[in-house]
Amino acid sequence: MAFILVCFAGLSSSASRDDVASGAKPEKAFGAIGFAIASASSRVHGDADKVVLTRLASPTVTGQYTVAYRLTDVLTLPVVAGAERLLPRLFKIGAERSTESHADLLKMSIAGASLALTLSAITYAVAPLLPWVFGAEFQASVNMARALSFVPASMTLWVMVRSYAGTNGFEHAMGLFELFGAGFNVAASLLLVMRFGWSGAVMATYLTHLSMASTLTLWIAYRRKFIRR
């Protein structure tokens, strides 16, 4: 219903004669759909493994794993918030495509990667505090959190690729590849959790981030090389 309302609002909104003549109205109406799909899909591949764990393992294991995963979620927030804060600048870089703007993009990427690795180290270091905060029954969360300690780094890799795509004219591809990632995560979680338990959920998380980042990067490179944009 929300999707129908968005489409109706976009198609019925007023447009200038220039927009109508140039055919820009559909692009304006649906230009943000990629961001909406990406946002919705991120919740799927962020939480599907917990549902699978509940069905294939136990609610106790799911609770312990969820606490560990939320620790990585919290420590990834600075990167996600920073990327969103930089979106106006990234849109400008995407429009300019100059040597200077590419240098700025490289600097931001290095800073983001450095921050992500630092947050991963912090995740590993503070993991032993989880039983102290949540109780002795969450002792298993320590090993889970340490296994997930590279999530801030892998998630940052995806956030950087996604942000670049969304600000350089590839917003529709960004949404579709994150939708692909959601489906991939569900399938990978089912297969790996059945074989490895909660460790399989960890593997599925890393594989999802890496597969989304690598395939979208290859797609952008293909479009840049063979189809002028």
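The values are calculated or read from the model by the stated rules, or taken from the named source; none is laboratory data. Keep in mind that this is a model prediction, so the values were computed, not measured. Cβ placement follows ideal geometry from the backbone for every residue including glycine, while neighbour counts extend to all protein chains displayed. Remember, those area values only see protein heavy atoms, side chains included, never the ligands or the DNA or RNA. Shrake-Rupley method; radii C 1.70, N 1.55, O 1.52, S 1.80 Å.
The table that follows gives values for the structure above.
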| quantity | calculated |
| --- | --- |
| Computed accessible area, residue 162, all protein chains, 1.4 angstrom probe, square angstrom | 50 Å² |
| Calculated from backbone phi, Karplus (6.51, -1.76, 1.60) coupling profile of the stretch 47-60 in Hz, x at Gly/Pro | 10, 4, 5, 5, 5, 5, 4, 4, 6, 9, 10, 6, x, 5 |
| Hydrodynamic radius by Kirkwood, which averages 1/r over all alpha carbon pairs of the stretch 139-212, in angstrom | 13.1 Å |
| From phi via Karplus (6.51, -1.76, 1.60), per-residue ³J(HN,Hα) for the stretch 181-189 in Hz, x at Gly/Pro | x, 5, x, 4, 5, 4, 5, 5, 4 |
| Cα-projected label distance for residue 214 with residue 133, points at 7 Å along beta-carbon direction, nm | 3.2 nm |
| Expected-Rg normalisation [2.2 N^0.38 Å, Cα atoms] applied to the stretch 39-173 | 1.23 |
| Surface share of carbon and sulfur [accessible, 1.4 angstrom probe, percent] for the stretch 30-228 | 70 percent |
| Label-to-label distance, nm, for residues given as residue 80 and residue 2 (7 Å Cα→Cβ offset) | 1.5 nm |
| Accessible area expressed per residue, the stretch 98-184, with surrounding protein chains retained (probe 1.4 Å, Å²) | 48 Å² |
